[in-house]
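Input: a single structure, listed below in C-alpha coordinates.
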Amino acid sequence: MSSTQSVTCPGVARYVTIYSDRRVKAYTWYSDQAYLELCEVYVNGCQFGEYGNGNCDNVCTSCAGNRCHPTSGSCDVCAAGSYRVGDQCVHCPQNCAGNTCDSPSGACSMGCLAGFSGIYCKCPANCNDQTCDGATGHCANCYDGFYGPVCTPCPAGCSTDTCDKSTGNCIQCDAGFFGNQCDQSCPANCKANVCNKDSGQCGDCDDGFYGPVCTPCPTGCSTDTCDKSTGNCIQCDAGFFGNQCDQSCPGNCKANVCNKDSGQCGGRINFNIDFLAKHICRPMKIG
(Lines give C-alpha, C1' and ligand atoms only; values in the text may rest on other atoms or scores of the structure.)
Protein backbone atom coordinates (compact mmCIF):
# COMPACT_ATOMS: atom_id res chain seq x y z
CA MET A 1 0.00 0.00 0.00
CA SER A 2 0.96 3.58 -0.39
CA SER A 3 2.80 4.99 2.56
CA THR A 4 0.31 7.85 2.72
CA GLN A 5 -3.32 6.82 3.05
CA SER A 6 -6.41 9.11 2.92
CA VAL A 7 -9.72 7.57 3.94
CA THR A 8 -13.08 9.41 3.94
CA CYS A 9 -15.52 8.25 6.60
CA PRO A 10 -18.72 10.33 6.41
CA GLY A 11 -20.79 10.27 9.54
CA VAL A 12 -20.84 11.31 13.15
CA ALA A 13 -18.20 9.56 15.28
CA ARG A 14 -16.43 9.84 18.59
CA TYR A 15 -13.44 7.57 18.08
CA VAL A 16 -11.19 6.62 15.16
CA THR A 17 -9.67 3.11 15.10
CA ILE A 18 -6.80 2.29 12.72
CA TYR A 19 -5.84 -1.37 12.21
CA SER A 20 -4.40 -3.85 9.68
CA ASP A 21 -6.80 -6.60 8.67
CA ARG A 22 -5.10 -9.81 7.53
CA ARG A 23 -8.12 -12.04 7.90
CA VAL A 24 -8.41 -12.25 4.13
CA LYS A 25 -4.97 -12.36 2.54
CA ALA A 26 -4.58 -10.49 -0.70
CA TYR A 27 -1.40 -12.47 -1.41
CA THR A 28 -0.34 -15.91 -0.25
CA TRP A 29 2.97 -14.66 0.90
CA TYR A 30 1.37 -12.32 3.43
CA SER A 31 2.52 -13.22 6.89
CA ASP A 32 0.04 -14.11 9.59
CA GLN A 33 1.91 -11.72 11.82
CA ALA A 34 1.86 -8.08 10.84
CA TYR A 35 2.84 -4.86 12.49
CA LEU A 36 1.29 -1.48 11.69
CA GLU A 37 3.66 1.36 12.28
CA LEU A 38 2.12 4.86 12.30
CA CYS A 39 4.34 7.84 11.87
CA GLU A 40 1.70 10.56 11.81
CA VAL A 41 -2.14 10.61 11.85
CA TYR A 42 -4.44 13.51 10.96
CA VAL A 43 -8.15 13.31 11.67
CA ASN A 44 -10.03 16.06 9.84
CA GLY A 45 -13.72 16.79 10.37
CA CYS A 46 -16.30 19.32 11.49
CA GLN A 47 -17.13 20.16 15.06
CA PHE A 48 -20.32 18.71 16.45
CA GLY A 49 -23.37 20.52 14.93
CA GLU A 50 -21.51 21.71 11.79
CA TYR A 51 -21.27 20.38 8.26
CA GLY A 52 -19.88 21.18 4.81
CA ASN A 53 -18.25 19.74 1.73
CA GLY A 54 -14.56 20.48 2.24
CA ASN A 55 -15.34 23.03 4.91
CA CYS A 56 -17.46 23.43 8.02
CA ASP A 57 -19.20 26.66 7.17
CA ASN A 58 -22.75 25.44 7.80
CA VAL A 59 -24.63 24.73 11.02
CA CYS A 60 -27.01 21.82 11.46
CA THR A 61 -30.48 23.25 11.96
CA SER A 62 -33.73 21.58 12.97
CA CYS A 63 -32.01 18.22 13.43
CA ALA A 64 -32.62 16.36 16.70
CA GLY A 65 -29.59 16.88 18.93
CA ASN A 66 -27.99 19.01 16.17
CA ARG A 67 -26.84 15.79 14.52
CA CYS A 68 -26.62 15.93 10.73
CA HIS A 69 -24.69 14.43 7.83
CA PRO A 70 -21.22 16.06 7.85
CA THR A 71 -21.31 16.79 4.11
CA SER A 72 -24.96 17.32 3.10
CA GLY A 73 -26.40 18.51 6.42
CA SER A 74 -29.37 16.15 6.12
CA CYS A 75 -31.03 15.04 9.36
CA ASP A 76 -31.68 11.52 10.53
CA VAL A 77 -34.31 12.73 12.99
CA CYS A 78 -36.02 16.13 13.06
CA ALA A 79 -36.01 18.26 16.20
CA ALA A 80 -39.21 19.25 17.98
CA GLY A 81 -40.92 22.13 16.16
CA SER A 82 -39.82 20.93 12.72
CA TYR A 83 -40.77 18.33 10.12
CA ARG A 84 -39.09 16.59 7.23
CA VAL A 85 -39.15 17.87 3.66
CA GLY A 86 -37.02 15.55 1.54
CA ASP A 87 -33.82 14.99 3.50
CA GLN A 88 -34.05 18.32 5.32
CA CYS A 89 -35.96 19.41 8.41
CA VAL A 90 -37.86 22.72 8.26
CA HIS A 91 -39.67 24.61 10.99
CA CYS A 92 -43.35 23.91 11.68
CA PRO A 93 -45.77 26.65 10.52
CA GLN A 94 -45.28 29.60 12.86
CA ASN A 95 -48.88 29.67 14.10
CA CYS A 96 -49.01 26.05 15.29
CA ALA A 97 -50.04 25.80 18.94
CA GLY A 98 -47.20 24.42 21.05
CA ASN A 99 -44.87 24.69 18.02
CA THR A 100 -45.73 21.10 17.10
CA CYS A 101 -46.69 19.63 13.74
CA ASP A 102 -47.09 16.32 11.99
CA SER A 103 -43.70 15.05 10.81
CA PRO A 104 -44.65 13.84 7.32
CA SER A 105 -46.96 16.75 6.30
CA GLY A 106 -46.20 19.72 8.54
CA ALA A 107 -49.88 20.02 9.53
CA CYS A 108 -50.31 21.51 13.01
CA SER A 109 -51.04 18.65 15.38
CA MET A 110 -52.22 20.60 18.45
CA GLY A 111 -54.37 23.22 16.74
CA CYS A 112 -53.57 26.88 16.10
CA LEU A 113 -52.63 29.98 18.03
CA ALA A 114 -55.50 32.38 18.68
CA GLY A 115 -56.48 34.29 15.54
CA PHE A 116 -55.59 31.54 13.04
CA SER A 117 -57.19 28.41 11.61
CA GLY A 118 -56.73 25.69 8.99
CA ILE A 119 -54.50 22.60 8.99
CA TYR A 120 -51.38 24.74 8.57
CA CYS A 121 -52.72 27.58 10.76
CA LYS A 122 -52.21 30.11 7.99
CA CYS A 123 -55.86 31.09 7.69
CA PRO A 124 -57.06 34.13 9.66
CA ALA A 125 -59.61 33.08 12.27
CA ASN A 126 -62.50 34.74 10.43
CA CYS A 127 -62.18 32.79 7.17
CA ASN A 128 -65.53 31.16 6.46
CA ASP A 129 -65.20 27.36 6.54
CA GLN A 130 -61.59 27.92 7.72
CA THR A 131 -60.33 27.71 4.14
CA CYS A 132 -57.64 29.91 2.62
CA ASP A 133 -54.84 29.85 0.08
CA GLY A 134 -52.14 27.56 1.44
CA ALA A 135 -49.31 29.82 0.31
CA THR A 136 -50.63 33.32 1.07
CA GLY A 137 -53.19 32.66 3.81
CA HIS A 138 -55.76 34.73 1.88
CA CYS A 139 -59.36 33.77 2.60
CA ALA A 140 -61.73 32.64 -0.12
CA ASN A 141 -64.68 33.96 1.92
CA CYS A 142 -65.17 35.71 5.26
CA TYR A 143 -67.69 35.47 8.04
CA ASP A 144 -70.27 38.26 8.21
CA GLY A 145 -68.72 41.38 9.69
CA PHE A 146 -65.35 40.87 7.98
CA TYR A 147 -63.91 41.56 4.52
CA GLY A 148 -60.87 41.34 2.30
CA PRO A 149 -58.15 38.69 1.78
CA VAL A 150 -57.35 38.37 5.48
CA CYS A 151 -60.89 39.03 6.77
CA THR A 152 -60.41 42.47 8.31
CA PRO A 153 -63.28 43.66 10.57
CA CYS A 154 -65.83 45.91 8.82
CA PRO A 155 -65.48 49.64 9.59
CA ALA A 156 -66.81 50.62 13.01
CA GLY A 157 -69.54 52.88 11.59
CA CYS A 158 -71.23 50.11 9.55
CA SER A 159 -74.73 49.31 10.77
CA THR A 160 -74.89 45.80 12.28
CA ASP A 161 -71.15 45.58 11.47
CA THR A 162 -72.04 44.48 7.92
CA CYS A 163 -70.04 45.48 4.82
CA ASP A 164 -69.23 44.34 1.29
CA LYS A 165 -66.90 41.35 1.72
CA SER A 166 -64.69 42.43 -1.17
CA THR A 167 -64.35 46.21 -0.74
CA GLY A 168 -65.24 46.74 2.92
CA ASN A 169 -67.79 49.42 1.95
CA CYS A 170 -70.66 49.59 4.45
CA ILE A 171 -74.11 48.47 3.33
CA GLN A 172 -75.73 50.90 5.77
CA CYS A 173 -74.37 53.34 8.35
CA ASP A 174 -75.05 53.76 12.04
CA ALA A 175 -77.02 56.89 12.93
CA GLY A 176 -74.85 59.98 12.69
CA PHE A 177 -72.49 58.75 9.95
CA PHE A 178 -72.24 58.53 6.13
CA GLY A 179 -69.77 57.58 3.38
CA ASN A 180 -68.47 54.28 1.98
CA GLN A 181 -66.69 53.55 5.24
CA CYS A 182 -69.31 55.35 7.37
CA ASP A 183 -66.49 57.40 8.86
CA GLN A 184 -67.91 60.89 8.17
CA SER A 185 -70.30 62.62 10.56
CA CYS A 186 -73.78 63.76 9.46
CA PRO A 187 -74.55 67.50 9.81
CA ALA A 188 -75.23 68.29 13.45
CA ASN A 189 -78.95 69.13 13.17
CA CYS A 190 -80.26 66.28 11.00
CA LYS A 191 -83.45 64.97 12.55
CA ALA A 192 -82.78 61.80 14.57
CA ASN A 193 -79.12 62.27 13.54
CA VAL A 194 -79.81 60.51 10.21
CA CYS A 195 -78.47 61.57 6.78
CA ASN A 196 -78.12 60.10 3.28
CA LYS A 197 -75.40 57.39 3.30
CA ASP A 198 -73.80 58.57 0.04
CA SER A 199 -74.20 62.37 0.05
CA GLY A 200 -74.44 63.13 3.76
CA GLN A 201 -77.50 65.35 3.12
CA CYS A 202 -80.22 65.41 5.77
CA GLY A 203 -83.61 63.96 4.88
CA ASP A 204 -85.24 66.13 7.54
CA CYS A 205 -84.02 68.73 10.03
CA ASP A 206 -84.66 69.54 13.65
CA ASP A 207 -87.01 72.50 14.21
CA GLY A 208 -85.20 75.76 13.61
CA PHE A 209 -83.08 74.43 10.73
CA TYR A 210 -83.58 73.85 7.00
CA GLY A 211 -82.03 72.58 3.78
CA PRO A 212 -79.80 69.57 2.90
CA VAL A 213 -77.25 70.35 5.62
CA CYS A 214 -79.73 71.80 8.15
CA THR A 215 -78.72 75.45 8.11
CA PRO A 216 -80.16 77.56 10.97
CA CYS A 217 -83.37 79.44 10.08
CA PRO A 218 -82.90 83.21 9.43
CA THR A 219 -82.51 85.22 12.63
CA GLY A 220 -85.67 87.29 11.94
CA CYS A 221 -87.98 84.26 11.93
CA SER A 222 -90.42 84.26 14.82
CA THR A 223 -89.66 81.39 17.24
CA ASP A 224 -86.77 80.57 14.88
CA THR A 225 -89.17 78.55 12.73
CA CYS A 226 -88.96 78.36 8.91
CA ASP A 227 -89.93 76.17 5.96
CA LYS A 228 -87.53 73.18 6.18
CA SER A 229 -87.04 73.07 2.40
CA THR A 230 -86.71 76.75 1.41
CA GLY A 231 -85.72 78.40 4.67
CA ASN A 232 -88.54 80.97 4.27
CA CYS A 233 -89.86 82.18 7.61
CA ILE A 234 -93.38 81.16 8.65
CA GLN A 235 -93.77 84.36 10.66
CA CYS A 236 -91.48 87.33 11.36
CA ASP A 237 -90.34 88.87 14.60
CA ALA A 238 -91.84 92.34 15.28
CA GLY A 239 -90.21 94.99 13.09
CA PHE A 240 -89.34 92.72 10.13
CA PHE A 241 -90.91 91.38 6.94
CA GLY A 242 -89.95 89.38 3.80
CA ASN A 243 -89.33 85.68 3.10
CA GLN A 244 -86.20 85.77 5.20
CA CYS A 245 -87.59 88.39 7.61
CA ASP A 246 -84.50 90.42 6.90
CA GLN A 247 -86.24 93.69 5.91
CA SER A 248 -87.32 96.31 8.48
CA CYS A 249 -90.94 97.48 8.79
CA PRO A 250 -91.62 101.24 8.24
CA GLY A 251 -90.62 103.21 11.30
CA ASN A 252 -94.10 104.34 12.43
CA CYS A 253 -96.06 101.06 12.20
CA LYS A 254 -98.16 100.53 15.31
CA ALA A 255 -96.45 98.11 17.70
CA ASN A 256 -93.70 97.90 15.07
CA VAL A 257 -95.79 95.31 13.15
CA CYS A 258 -96.19 95.15 9.35
CA ASN A 259 -97.46 92.69 6.73
CA LYS A 260 -94.94 89.81 6.38
CA ASP A 261 -95.10 89.77 2.56
CA SER A 262 -95.67 93.44 1.58
CA GLY A 263 -94.19 95.30 4.52
CA GLN A 264 -97.32 97.49 4.86
CA CYS A 265 -98.17 98.60 8.35
CA GLY A 266 -101.00 96.66 9.91
CA GLY A 267 -102.23 99.83 11.81
CA ARG A 268 -103.92 101.32 8.68
CA ILE A 269 -106.80 98.90 9.03
CA ASN A 270 -107.60 100.24 12.50
CA PHE A 271 -107.50 103.82 11.12
CA ASN A 272 -110.15 103.05 8.48
CA ILE A 273 -112.46 101.51 11.05
CA ASP A 274 -112.22 104.63 13.26
CA PHE A 275 -112.91 106.88 10.25
CA LEU A 276 -116.08 104.97 9.39
CA ALA A 277 -117.33 105.13 12.95
CA LYS A 278 -116.92 108.90 13.16
CA HIS A 279 -118.10 110.05 9.74
CA ILE A 280 -120.55 107.47 8.37
CA CYS A 281 -122.24 105.77 11.27
CA ARG A 282 -124.54 108.33 13.06
CA PRO A 283 -126.80 107.73 16.04
CA MET A 284 -130.54 107.48 15.19
CA LYS A 285 -133.16 109.47 17.05
CA ILE A 286 -136.30 107.45 17.88
CA GLY A 287 -139.79 108.90 18.71
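The values are calculated or read from the model by the stated rules, or taken from the named source; none is laboratory data. These figures come from a predicted structure and were not determined experimentally. FYI the Cβ positions are ideal-geometry reconstructions off the backbone, even for glycines, and counts take in every protein chain you see.
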Scan region 44-89 for residues that are in contact with a helix residue (DSSP H, G or I) (Cβ under 7 Å, 6 or more places away or on another chain) and either outside the structural domain of CYS9 (by TED's automatic domain parsing) or more than 24 Å from TYR15 (Cβ to Cβ) (or both) and jot them down.
CYS78, ALA79, GLY81
Residue that is farthest from CYS182 (Cα to Cα), among those in region 200-247 that are surrounded by 14 or more Cβ atoms within 10 Å (Cβ to Cβ) and of a type in the set (Gly, Ala, Ser):
GLY239
Please find, within region 96-111, the residue that is surrounded by the fewest Cβ atoms within 10 Å (Cβ to Cβ) out of those that are touching a Phe, Trp or Tyr at 6+ places or on another chain (Cβ under 8 Å) and among the small types (Gly, Ala, Ser).
SER105
Might you check whether a residue that is part of a loop (DSSP other than H, G, I, E, B), in contact with an Asp or Glu (Cβ under 6 Å, 6 or more places away or on another chain), surrounded by fewer than 16 Cβ atoms within 10 Å (Cβ to Cβ) and not basic (Lys, Arg) occurs anywhere in region 142-151?
yes
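Every residue, every condition in (1) in contact with a strand residue (DSSP E or B) (Cβ under 8 Å, 6 or more places away or on another chain); (2) without any contact (Cβ under 8 Å) to a residue 60 or more places away in the chain; (3) among the small types (Gly, Ala, Ser), yes or no:
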| site | (1), (2), (3) |
| --- | --- |
| CYS46 | no, yes, no |
| GLU50 | yes, yes, no |
| ASN58 | yes, yes, no |
| SER62 | yes, yes, yes |
| GLY73 | yes, yes, yes |
| GLN94 | no, yes, no |
| CYS108 | yes, yes, no |
Any chance you could count how many residues in region 44-62 are surrounded by fewer than 17 Cβ atoms within 10 Å (Cβ to Cβ), hydrophobic (A, V, I, L, M, F, W, C) and in a loop (DSSP other than H, G, I, E, B)?
2
